[in-house]
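*Asks:* Once you've had a glance at the structure underneath, I'll fire off some questions.
Nothing in this text is a laboratory measurement; each read-out follows from the coordinates by a stated rule. In this text the structure is predicted, and so the values were computed from the model without any measurement. Every residue, glycine as well, gets a Cβ built from its backbone with ideal geometry; the counts of neighbours run over all protein chains shown.
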Amino acid sequence: MKITDIKTLVVNAQMRNWVFVKVETDQPGLHGWGEGTLEWKTRAVVGCVEDFKPMVVGRDPTRIEFLWQIMYRHSFFRLGPIGTTAMSAIEQACWDILGKSLGVPVYKLLGGRVRDKVRMYTHLGGGEMKALYETFEVGPLLERAQAVIEKGYQALKVVVVPFSQPLMGLPAVKHFANLMGKLREAVGDEIDLMVDFHGRTTTGQAIQYIRAIEEFHPFFCEEPVPPEQPDALAEVRKSVRVPIATGERLATRWEFRRVCELQACHVLQPDLNHCGGLLEARRIASLGETYLMGIAPHNPNGPVANVVALHYDLATPNFLIQEDVLGDVPWRFDVVQTKLKSENGYWLPLEEPGLGVDINEAEARKHPFQQEILEQMIFHEDGSVAEW
């Protein structure tokens, strides 16, 4: 079997552009899909897929490790998130092809199921970007949280941390703590609450924020400091009594290595679209398991990314909980054909060969690329640039 072509299909889904990657083979009707969605870097990822094409066209798509090594090592310059996102999408599509060729779902190729269903959580506001990242008042916070719970979720994540200067002072800390206190009171103790800091804070400020909400028992606090600072993350982790998570902006096992060696967090969050693909995510999970860390994959991406995550989660022993963006666009399942189902806040296994997903390309082309909304461009009151 040989790869004959690799194509990208960009679908605008309001908050982001989905980047679907199709790997075609010389076997009639046999192809695979992967996803390389990377916010505000759509054109760069598409270009990088084109750069990888000459390296892999003509090769056997079932030699997945071999192809991974070619793309990673023969690029010479080590790949940042754009390169690893393009590589992840191609690799995912090859797993889809392998599963289809053998007539088995991908999770069976990863060692088989270690669980019967996959616990999920989602964000506030579905696909509305401001609701997701900028719910800073009690009324909307409680209303949006209740809407999530009514969908059957037993866990949700909020981004209620202020856009922060290096230090913010008492009013910001008290406002943040008040939001979390009201939310915990409203949802009760049975709902798990995660707090995404989105890398908005410094070490000292993150410690102040987290200590102020310890009594509300977050399931974890995510990315309290920017991702390039594992030593600062370790200081936060050792200074608070709340589990710490990180990893959405890290790629490959080598970037996760230092976090693990420092024991800088309790939960790793590889994004299967960005970290290097399924193989690399399995390596990261094994690394985390060695250090008693759980896995909560990052995934605010599109529907192919959802099914990829499902297969990974079913086969990963130290998996905890899976991120999903609820209701981003109403036509999602016009574009994507899958039997993926959720029940009471859990995804259920798929039994179809491969990933269990296909794309209606005609429907997809009704939603062509558009420049993503630049709402992430946030500035402080004094005009300086903020971490968003």
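*Asks:* Using the Cα atoms of region 258-310, I'd like the radius of gyration and the largest Cα-Cα distance, Dmax, both in angstrom.
*Replies:* Expressed in Å, the Cα Rg and Dmax of region 258-310 come to 11.2, 34.
*Asks:* Moving to a separate point now. Kirkwood-based Rg over Rh for region 3-105 (C-alpha set), two decimals? Please list the in-between numbers first.
*Replies:* Numbers: Rg = 13.1 Å, Rh = 13.6 Å.
Rg/Rh: 0.96.
*Asks:* Helix-only estimate, please: 222 nm mean residue ellipticity of the chain, summing -39500 (n - 2.57) across DSSP H runs of length 4 or more and dividing by its residues, to the nearest 500.
*Replies:* On the way: 14 runs with 152 residues, N = 388.
Mean residue ellipticity, 222 nm, calculated: -12000 deg cm²/dmol.
*Asks:* Something else: Mind giving me the FRET efficiency for Ser75 and Arg241? R0 is 56 Å, r the Cβ-Cβ distance, nearest 0.05 is fine.
*Replies:* Values: r = 43 Å, r/R0 = 0.76.
Taking R0 as 56 Å, the efficiency between Ser75 and Arg241 is 0.85.
*Asks:* Regarding region 176-303, what are the three Cα extents along the principal axes, ordered largest first, in Å?
*Replies:* Principal-axis extents of region 176-303 (Cα, largest first): 41, 34, 24 Å.
*Asks:* Enter the Cα centre distance for the pair region 134-169 and region 220-297, rounded to the nearest angstrom.
*Replies:* When both Cα centres are located, 23 Å separates them.
*Asks:* Could you give the dipole magnitude of the chain about its Cα centre, charging the beta-carbon of Lys and Arg +1 and that of Asp and Glu -1, in debye to the nearest 20? Intermediate results must be reported in sequence, preceding the final value.
*Replies:* Numbers: 40 positive and 51 negative charges, 160 e Å.
Using Cβ point charges on Lys, Arg, Asp and Glu, the chain gives about 760 debye.
*Asks:* What are the semi-axes of the equivalent ellipsoid for region 69-199, taken as the square roots of 5 times the Cα gyration tensor eigenvalues, largest first, in whole Å?
*Replies:* Numbers: eigenvalues 293, 107, 28 Å².
Whole-Å semi-axes of the equivalent ellipsoid: 38, 23, 12.
*Asks:* For the chain, with a Gaussian network of springs between Cα atoms less than 10 Å apart, report the residue from Gln370, Gln322, Gln263 with the top mean-square fluctuation.
*Replies:* Ranking Gln370, Gln322, Gln263 by mean-square fluctuation puts Gln370 first.
*Asks:* Residues of region 307-336 with the amide nitrogen closer than 13 Å to a label point 7 Å from the Cα of Val114, along Cα-to-Cβ, please.
*Replies:* 312-321
*Asks:* While we're looking at this one, here's another question. Counting only the backbone N, which residues of region 1-39 are under 18 Å from the spot 7 Å out from the Cα of Met377 toward its beta-carbon?
*Replies:* From region 1-39, the list is 15-17, 39.
*Asks:* Let me ask something else about it. Mind giving me the nanometre distance, one decimal, between the label points for Tyr291 and Phe66, set 7 Å out from Cα along Cα→Cβ?
*Replies:* Roughly 3.4 nm, to one decimal.
*Asks:* Report the extension gain between Trp331 and Met55 in nm, rounded to one decimal, defined as 0.36 nm multiplied by the number of residues separating them, less their alpha carbon distance. Don't skip to the answer; put the middle values down first.
*Replies:* On the way: separation 276, 0.36 × 276 = 99.36 nm, distance 3.50 nm.
Taking 0.36 nm per residue and subtracting the Cα distance, the gain is 95.9 nm.
*Asks:* Pulled fully out, how much extra length does the chain show between Arg283 and Val138, if you take 0.36 nm times their separation in residues and subtract their Cα-Cα distance? List each step's numbers first, then the result.
*Replies:* Working: separation 145, 0.36 × 145 = 52.20 nm, distance 4.07 nm.
Full extension from Arg283 to Val138 adds 48.1 nm.
*Asks:* In Å, what Rg and Dmax follow from the Cα atoms of the chain?
*Replies:* That works out to 20.4, 65 Å for Rg and Dmax.
*Asks:* Among the lysines, which fall within straight-line cross-link reach of Lys174, defined as a Cα-Cα distance under 28 Å, with same-chain neighbours fewer than 8 residues apart omitted?
*Replies:* Lys174 reaches Lys130, Lys157, Lys182, Lys238.
*Asks:* Please work out the C-alpha center-to-center distance from region 69-119 to region 323-388 and express it in whole Å.
*Replies:* 19 Å
*Asks:* Quick one: net charge around Cys260, please, counting Lys, Arg +1 and Asp, Glu -1 for every other residue with C-beta under 13 Å from its C-beta.
*Replies:* Numbers: positive: Arg237, Arg253, Arg257, Arg258, Arg283; negative: Glu255, Glu261, Glu289.
Around Cys260, the charge tally is +2.
*Asks:* Okay, moving on. Under 16 Å Cα to Cα from Lys22, which lysines show up? Leave out anything in the same chain fewer than 8 places away.
*Replies:* Lys2, Lys7, Lys53, Lys100
*Asks:* Compute the label zone of Glu39 within region 60-102: residues whose backbone N is under 16 Å from the point 7 Å along Cα-to-Cβ.
*Replies:* Answer for this model: 81-82.
*Asks:* What GluC sites (Glu not before Pro) does region 296-356 have in DSSP loop regions with at most 12 other beta carbons within 10 Å? It would help to have the intermediate numbers written out before the result.
*Replies:* Numbers: sites: Glu323, Glu343, Glu351; in loops: Glu351.
Listed in order of number, the matching sites are Glu351.
*Asks:* Can you pull out the GluC sites (Glu not before Pro) in region 166-255 that DSSP calls coil and that have at most 15 other Cβ atoms within 10 Å? Numbers along the way, then the final one.
*Replies:* On the way: sites: Glu185, Glu190, Glu214, Glu215, Glu222, Glu228, Glu235, Glu248, Glu255; in loops: Glu190, Glu228, Glu248.
Loop-located and lightly packed - Glu190, Glu228.
*Asks:* Also, quick follow-up: At 7 Å along Cα-to-Cβ for each site, give me the label-to-label distance between Arg365 and His175 in nm.
*Replies:* 4.9 nm
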